[in-house]
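The values are calculated or read from the model by the stated rules, or taken from the named source; none is laboratory data. These numbers were taken from a predicted model, which means no experiment stands behind them. Cβ: placed from backbone, ideal geometry, glycine included. Neighbour counts: every protein chain shown.
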Amino acid sequence: MRTIALLSALLFSFSVHAADTPSPRMCEANFAVEGSFFSGKSYKTWNEFSGISYDTAFRKTAQAAASGGWGTVTPNKDAGIITASQTVTMGQGATAPLSIVVQEKKGGVVRVEAIFSTSGGQMASADTAKTELCKLVEAAGE
């Protein structure tokens, strides 16, 4: 009986601790960096949403890009693509492009994928890229 009580207490303690530990956001779990400083890097993430329409996801994501300080935002709703860019600090007019793809999937699922790229010799913080890309991707579901 004492063993059962001890086991129950341990399981309860573990389940409370697990519930207190925040799980990573889907966009953070899907975040990836490809490339190198010399060849350039691509920072990517995505998320899928159900219960929202393609039109709503596209509009909210485009608005998030425009209000988030990205340069000229060019949405093409028919193609499902939103493009924008940021001017590179001390880049003599160079820009770093952003592409967002909004896709309708089977079963009423909408997938939003964001890709931010830097050219060779340009640097960007992976943590900052993750934070900013997640803001864009998650805007579709807000």
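Structure values in brief
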item	result
Matching residues in the stretch 37-85 - criterion: being outside any strand (DSSP E or B), buried (at least 16 other Cβ atoms within 10 Å of the Cβ), of a type outside the set (Val, Ile, Thr) and at negative phi	Tyr54, Ala57, Phe58, Arg59, Lys60, Ala62, Ala64, Ala65, Trp70, Gly71
Cβ pairs under 8 Å, 6+ apart, first in the stretch 105-121 and within 14 Å of Lys41 (Cα to Cα), second among the β-branched types (Val, Ile, Thr) and assigned to a helix (DSSP H, G or I)	Ala114/Val137
Matching residues in the stretch 14-54 - criterion: being aromatic (Phe, Trp, Tyr) and at pLDDT below 90	Phe14
The stretch 106-129: number of residues that are modelled with pLDDT of 95 or more and either in a loop (DSSP other than H, G, I, E, B) or under 9 Å from the mean Cα position of the chain (by Cα) (or both)	4
Candidates Val137, Val102 - the one that is under 15 Å from the mean Cα position of the chain (by Cα) and in a strand (DSSP E or B)	Val102
Neighbours by Cβ (under 6 Å, 6+ apart or cross-chain): first from the stretch 128-142, within 10 Å of Ala114 (Cα to Cα); second buried (at least 21 other Cβ atoms within 10 Å of the Cβ) and among the hydroxyl-bearing types (Ser, Thr, Tyr)	Leu133/Thr45; Val137/Thr45
Any hit, the stretch 26-33, residues being under 15 Å from Leu133 (Cα atoms), in a helix (DSSP H, G or I), polar (S, T, N, Q) and under 15 Å from the mean Cα position of the chain (by Cα)	no
